[in-house]
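The values are calculated or read from the model by the stated rules, or taken from the named source; none is laboratory data. This structure is a prediction, so every number in the text was calculated from the model and none was measured. Don't worry about glycine lacking a Cβ; one is built from the backbone with ideal geometry, like all the others, and counts go over all protein chains shown. These accessible areas exclude ligands, DNA and RNA; they are computed on the full protein's heavy atoms, side chains included. Shrake-Rupley method; radii C 1.70, N 1.55, O 1.52, S 1.80 Å.
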Amino acid sequence: MKGIRSKGRDIVAVLALVLTLSGVILFAENLGTRNHYTKYTDAFFDTFDTVVTVVGYAKSREEFNAYFERIHSRFLELHKMFDIYNGYEGMNNLKTVNDNAGIAPVKVSKEIVDLILFSKQWYTATGGKTNIALGAMLRIWHDYRERGVDDPEHAELPPLEELAEAAKHSSIDNVIVDVHNNTVYLADKDMRLDVGAVAKGFATELVARELEAGGVTSVLMSAGGNIRAVGFPLDGNRRWWSVGIHDPRKPMFSTESNLLGVIHIGDGESVATSGGYQRYYLVNGKAYHHIIDPDTLMPANRYLSVTVRARGADVADFLSTTFFVLPYETGRELAKKLQGVDVVWVFPDGTVVSTPGIEQSIGIADGPDAKLR
Ligand code: ADP
Ligand code: MG
C-alpha cells in the first residue's frame, strides 16, 4: 500500500516536472527560439505588379536571406516569362507568343508550357469561366482602365461591340501546345493570352516546390494575396499558419478589425482571394474592376470577394477567379465536386457564406442567410 502510494507520488512529481519543463519550453517557443529557430520577414515589390512577402523560420538571418534571395531571383525570372506586356532581350515570353498569333509556334520555357497546360486543364474542369485565351477582350478593359485611372475626368466604358468582337477570338482549343518541342502556337491571329488570373499563384507554387526540394522547411509566401505554406511555423506551438482574410467592406489596412476572419493552412496548402475592391476605375462614380464575366463581358458583380483554400497556390489562384465569376449555386456544386477545396463568398449586402471546412476554422456560418458571427 505504502509502496503504491509513494509510486503514485513519484508519478505526480515527474508529471509536475514535465509540466514545468514544458511550460518553460512553451515560453521559449513563444519567443520563437525553440530549436534556435527565429522568425524572419522580408518583401520585394518588383514582380507581377504586386508585393511578395516571405515569412520564414530559420536558424540565422543568413539562412533566411539565402532562400529569400533565391525566391526573389526566381520570381524575377518567372515574371519576365509570364509578362504579356513587355518583351525581354534574349528570351521568348508570353508577349512573344501573343505577337506570333496566327504566324508561328514559339519555342518557350518549360514553365510557360506547364502554365498553359495547367490553365487549359482547369478551364475544362471548372466550366470555362477562367479562360487565358480571353486576352484580346481583357486587353480592351485593361487599356480603358489604365486611361481611366490616369485621367478620371474622361474615364469611359469600353464599347460592348468592341468587347464582343474581341471575345470571338477566345477559343482555348486554338491555344496549341507541343510538349515535345516546348512550343506554343495561337492558331487565331486575333487571339491573345492573358494569364493574370493564374500567373501569380502558379509562380508561387513553383517556387514553393523548389524550396521544398532544396530542403527549406518553414516558409509562408504571399504573392499579392496568393498565399502558400511550406511546412509549418517552427515556433513549437502550431502545426498551421494563420492567414487573415481581408473584409472587402473595410479599408485595406491589415488591422485585426479589418479582417473577416482567420483561416488556418498547413503544409502545402494555399489561400487566394479575388475581389473587385483593389483594381478598378470609376466611370460616372461607379466602380468597374478587373475580373470579367465571359458571358456578359462586364465585371462580375455577384460578390465583393471570394476566398479559396486549396492544396497548391496555382489551384487556389485559378479557383478564386473562377468562383468569383460563377453563380453561387454552381460554385457551391463545384466546391463539393473538387475535394479539399473550401470557399468563402462575401456578397454585396455583406452576407458571408462558406463551405463547411472553413466554417470550422474561422467561425463563418454556413447557409445562404448566414451572417458573419
Ligand atoms: P488578382 O490578379 O487581382 O489577384 P485574379 O487572380 O482574380 O485577381 O485575376 C484577375 C486577372 O485575371 C485580371 O487582371 C485579368 O488579367 C484576368 N482575368 C479577368 N477576368 C478573367 C477571365 N474571365 N478569365 C481569365 N482571366 C481573367
Ligand atoms: Mg486568380
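Name the pairs: first residue in the range 144-159 and exposed (fewer than 11 other Cβ atoms within 10 Å of the Cβ), second residue assigned to a helix (DSSP H, G or I) and not small (G, A, S), Cβ to Cβ under 9 Å, at least 6 apart or on different chains?
Hits for this filter: H154/R147.
For the range 260-279, check the following and say yes or no: at least one residue is open to solvent by 50 Å² or more (accessible area, probe 1.4 Å), at pLDDT below 95 and part of a strand (DSSP E or B).
Yes, because at least one residue in the range 260-279 is open to solvent by 50 Å² or more (accessible area, probe 1.4 Å), at pLDDT below 95 and part of a strand (DSSP E or B).
Could you say whether any residue in the range 112-122 is buried (at least 20 other Cβ atoms within 10 Å of the Cβ) and polar (S, T, N, Q)?
Yes, some residue in the range 112-122 is buried (at least 20 other Cβ atoms within 10 Å of the Cβ) and polar (S, T, N, Q).
Of all residues in the range 49-98 being more than 29 Å from T38 (Cβ to Cβ) and of a type in the set (S, T, Y), which is nearest to the chain's Cα centre (by Cα)?
Y85
Could you check, for the range 316-331, whether at least one of its residues is under 23 Å from L78 (Cα atoms) and either aromatic (F, W, Y) or more than 16 Å from ligand 2 (Cβ to nearest atom) (or both)?
yes
Considering each residue of the range 293-306, count those that are within 12 Å of F323 (Cα to Cα), open to solvent by less than 50 Å² (accessible area, probe 1.4 Å) and either within 11 Å of ligand 1 (Cβ to nearest atom) or of a type in the set (D, E, K, R) (or both), and give that number.
Qualifying residue count, the range 293-306: 4.
Report the residue count in the range 307-329 for those that are away from ligand 1 (no atom under 12 Å from the Cβ) and in a strand (DSSP E or B).
Number of matching residues: 3.
When the residues of the range 195-216 are filtered to those that are open to solvent by 10 Å² or more (accessible area, probe 1.4 Å) and either free of Cβ contacts under 8 Å to residues at least 24 places away in the same chain or in contact with a His (Cβ under 8 Å, 6 or more places away or on another chain) (or both), which remaining residue is farthest from ligand 2 (Cβ to nearest atom)?
By that ranking, first place goes to G215.
So that you can scan it fast, the table gives a plain yes or no per residue for (1) away from ligand 2 (no atom under 16 Å from the Cβ); (2) free of Cβ contacts under 8 Å to residues at least 60 places away in the same chain; (3) touching a His at 6+ places or on another chain (Cβ under 7 Å):
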{"site": "P233", "(1), (2), (3)": "yes, no, no"}
{"site": "H246", "(1), (2), (3)": "no, yes, no"}
{"site": "R249", "(1), (2), (3)": "yes, no, no"}
{"site": "V283", "(1), (2), (3)": "yes, no, no"}
{"site": "M298", "(1), (2), (3)": "yes, yes, no"}
{"site": "R302", "(1), (2), (3)": "no, yes, no"}
